[in-house]
Each structure stands twice: as C-alpha cells, then as structure tokens.
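First comes the structure, then the notes that go with it.
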Amino acid sequence: MQDQLSKLLAERDNLERIIDNLLEGIIAHDKDRRIVYFNKAAEEITGYKRQEVVGRDCHEVFGAPFCGGRCSFKDGAPRLWEDKEYPLTIVSRNGEPKRVEMRINGMRDKEGNFVGVLAAFKDVTDITALKIKTGALKEFRGIIGRDPNMLEIYRQIRDVAANDYPVHISGETGTGKELVAHAIHKESRRGGGPFVPVNCGALPEGVLESELFGHVKGAFSGAIRDKKGRFELAHGGTLFLDEVGELPKHVQVKLLRVLQDGVFERVGGEKSISVDVRIISATNKDLKKEVKEGRFREDLYYRINVVPIELPPLRERKGDIPLLVEHFAQEVQRQGQEVAGFSKTAMEFFISYSWPGNVRELQSAVRFSLLRAKGKTVMPEHLPRELLQCGQPATLTPRGRTRKLSAHAVREALEKTGGNKAKAARLLGVGRATLYRFLGGFPGVS
C-alpha cells in the first residue's frame, strides 16, 4: 500500500491536484523570476489565471514585485537566500485590496543548489476585517488600543496601504502620528523598503532644504562633498514629513514639484534626480487655517491631503488607558526592572486625568510611577503630582450631600486611622480618589 501511495505522489498530475486543493495560494518561480507554478488558490486570491502567468516574469505579470519592497529578486537573484514570513497588503487584478500572510522558502535541486523560491500565501482580509469590526484587536502594527476610534484608524491604515496615495495624519502632540505612518508603510508593498522620517520643525530653515534634497560639493560653506538627501534615501520606500506645517515657503515649492513630477535637484546642483517615494505627512496644526492665513500653499495642501487620517486624543478613548499602562509597564519589565502592577485607585487616577500630552505623556507617567514604586504595587503616592491634582477634591456622600474636605479634617482622620488612607477616606465620607487628589494638592497634610 505504501509503495502505491508513493507512486501516486510521484506523478506530477496527482501532485498538482493535491496542491490545487490547498487553501493557501502557491507561486513558484526560478532564479530568473519565471513563474513555474500557480495553483487555484493563487488564482482566486490574485484574480490572475494560471495560463496568464506561467512562464512569465513575475514582475512583468503583476506590474511590480508581487511581494513589494521585500522582494529578494528585485535586483536579480540573491547570492544568499534567507526564508521569510510577513503580512502584506496586495491589490488583486480587479483593484481590490487584500491582506495576506506570506511565507517564502528557497527551492534547491538534488545537489543543494539554489534554483528558485516557493511562495505560500493565505488571504486573511476577512479575518482581519472581522477582528476590527468586533473589537477583538487590541494591537495593530505596534499601535495599542481597541476603542472604536482606534478600530476605525486600523481600518483606514489597512485601506490606504493598498495604494501609493499621499496620506496626511493630523492630531495633537503625542497621539502617535509617526506610529501610524510606520504602520501604513509596513502594511504596504513598500514595507521592505526604507522608512525615512524627517521632523520639519526640528531642523533650522537653512539646513532643511539640504536635508530633504541633498547638496553637491561646494554648494555652500561646509559642503565638502556631495550628499544625498532624505528623498534619495527613501527611494523605493516611504518619506514621513512630520510637522509639515513648519516648512518654509521656498521648500514648499520644491516639495510640490517632487509630488507632481517625481524629480528635484540637489542644492547647488543642476542634474534632475528621479525618485520613487510615497509621501506621508503629519501635523498638529490646522493646515486649512494655515492656508487661509497664507503660511501654507493651497496647491501643496491638496497634494499631501489626498487621504486624511485624524488621530483621536487620549481623553477621547479612555477605555484604552489600562491597555496602554499595561503595555508600557511590560516594556519597563523587559528592561530588567521589577514591576508589581498598579492598584485600582492608581488606575482610577490614570483614567480620570485629561492627558494633554496624550500617549507620550502617559508613557512618561508610567515610567515615573514604576521608578518611585521600586518594584512594589504602584499606589497613588507614587504618581506624578499633576495626576493627583486633577479634578476637584470633593465627592458625594451616600446621603447625596456634597462633602468638602479641609486640611484640619484630613489630618485628624489620618491620625485616627494611623495613616491608613483608605480608612481615613471612609471616616471622612469621601472616595479614596478624592482624598488622594486632596493630598496631592496639599502635600504637607499627610
């Protein structure tokens, strides 16, 4: 029986039937990128028919590397092969974006020589969409959150990853604009290419143009050699222009030309340089207002704002705060610091605070609190002072009366309870959070 089975498997027709019944798409190509196998699942996922692709260069068939910037064959056959596995957003023949999980393995002949690759990929578009819709996702490409506002951001990231349109991300300082830009890059077919961030507001005006577009030797004092700019460094990938609203007018003109024609000249140079770069920009300013007041070019605004994404401030997604606190605490723990967690009352302070600095401020507060706790459970007294001072030091008693606290009453209650704040709060007829807030505003009382 075993011999009969071996003979069946050895027959090409039967082997192809087995592969055709797999749910995963299978593409195999040789060292010259010539496709030698394409199963039925690959047809269904990509929309291409087997007879259209077999025998042809895979880049020619799909108009670009099927696996995007991660393609090991984009500059010819690699000298050394390394198996790969990664998620990817592709566009099917009919223009439909699909999220796939890709696994690529090298193929070798009997002598062990590298002869090509076998790519297996699974369509997880519906699974990802369902997780987003039901709120089952609490993390997406390093972004933490499952608030409905964030689930909408995940959906937008997935949608815009399928094309190369410019994306403009707006939101308050500290909301994670660069994280979102990086997620769009990694989800796209450019994910294997460079991601080059530039903070347009952090560079002096005289340096910014050179940083973006490069310069030639002798262009200005100190230009002792030719230098590539960020646009050239981002070729084949994504350029992230943070604080784009800070760009001076003459640089806006040059940026507009790159977006229109894909060409520019280095500072002091005459040779036109072509680049293949996707632009993602971000700002915490109101760019429409900047345009109206003449500080930002209207034509450039419409060029970069093709796909707008607005990030919600942390105060509008407070349900994500415990998730974020846990995430940042785990980061600290991985660095070797002992972490015992956060008390319920301490977490109440985190949730009730307004977080003007958003996620960045929250991360700093978590680190500060864990440092002060020294491996013990984080209590309110370990929190930054601004968290303790938020809100009003008053609450409703069970009888419905508003109870005001005074330094004298609090000091007396603490003396009676031996310094036990929970018992003191019950004695005063207020919640523990209210007492801690009061003590934060009057540190001398405790």
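The values are calculated or read from the model by the stated rules, or taken from the named source; none is laboratory data. Owing to the predicted nature of the structure, the values given are computational and were not obtained by experimental measurement. Quick reminder, even Gly has a Cβ in these numbers, built from the backbone with ideal geometry, and neighbours come from all protein chains shown.
Below are the figures for this structure:
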{"quantity": "Residue within the range 222-231 that is touching a residue at least 40 places away in the same chain (Cβ under 8 Å) and of a type in the set (Asp, Glu) present", "calculated": "yes"}
{"quantity": "Scan of the range 38-66 for residues that are in contact (Cβ under 8 Å) with a residue 60 or more places away in the chain and farther than 15 Å from residue 25 by Cα, ordered by number", "calculated": "64, 65"}
{"quantity": "Residue match in the range 130-151 (condition: in contact with a strand residue (DSSP E or B) (Cβ under 6 Å, 6 or more places away or on another chain) and either outside any loop (DSSP other than H, G, I, E, B) or charged (D, E, K, R) (or both))", "calculated": "no"}
{"quantity": "Any chance residue 417 is more than 17 Å from residue 344 (Cβ to Cβ), at pLDDT 75 or above and of a type in the set (S, T, N, Q)", "calculated": "yes"}
{"quantity": "Given (1) surrounded by fewer than 19 Cβ atoms within 10 Å (Cβ to Cβ); (2) on the phi > 0 side of the Ramachandran plot, number of the condition residue 116 does not satisfy", "calculated": "(1)"}
{"quantity": "Any hit, the range 374-392, residues being surrounded by 14 or more Cβ atoms within 10 Å (Cβ to Cβ), assigned to a loop (DSSP other than H, G, I, E, B), on the phi > 0 side of the Ramachandran plot and at pLDDT 90 or above", "calculated": "no"}
{"quantity": "Residue 35 vs. criteria of a type in the set (Val, Ile, Thr) and at pLDDT below 90", "calculated": "no"}
{"quantity": "Candidate set: the range 171-194, residues that are hydroxyl-bearing (Ser, Thr, Tyr) and within 24 Å of residue 286 (Cβ to Cβ); chosen: the one surrounded by the most Cβ atoms within 10 Å (Cβ to Cβ)", "calculated": "175"}
{"quantity": "Residue check for residue 131: basic (Lys, Arg) and surrounded by fewer than 21 Cβ atoms within 10 Å (Cβ to Cβ)", "calculated": "yes"}
{"quantity": "Filter result (more than 24 Å from residue 176 (Cα to Cα) and crowded, with 17+ Cβ neighbours inside 10 Å) within the range 347-373", "calculated": "373"}
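Yes or no, residue by residue, for (1) of a type in the set (Gly, Ala, Ser); (2) assigned to a strand (DSSP E or B); (3) under 18 Å from the mean Cα position of the chain (by Cα); (4) at pLDDT 95 or above:
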site: 164; (1), (2), (3), (4): no, no, yes, no
site: 193; (1), (2), (3), (4): yes, no, yes, no
site: 197; (1), (2), (3), (4): no, yes, yes, yes
site: 201; (1), (2), (3), (4): yes, no, no, no
site: 207; (1), (2), (3), (4): no, no, no, no
site: 222; (1), (2), (3), (4): yes, no, no, no
site: 235; (1), (2), (3), (4): no, no, no, no
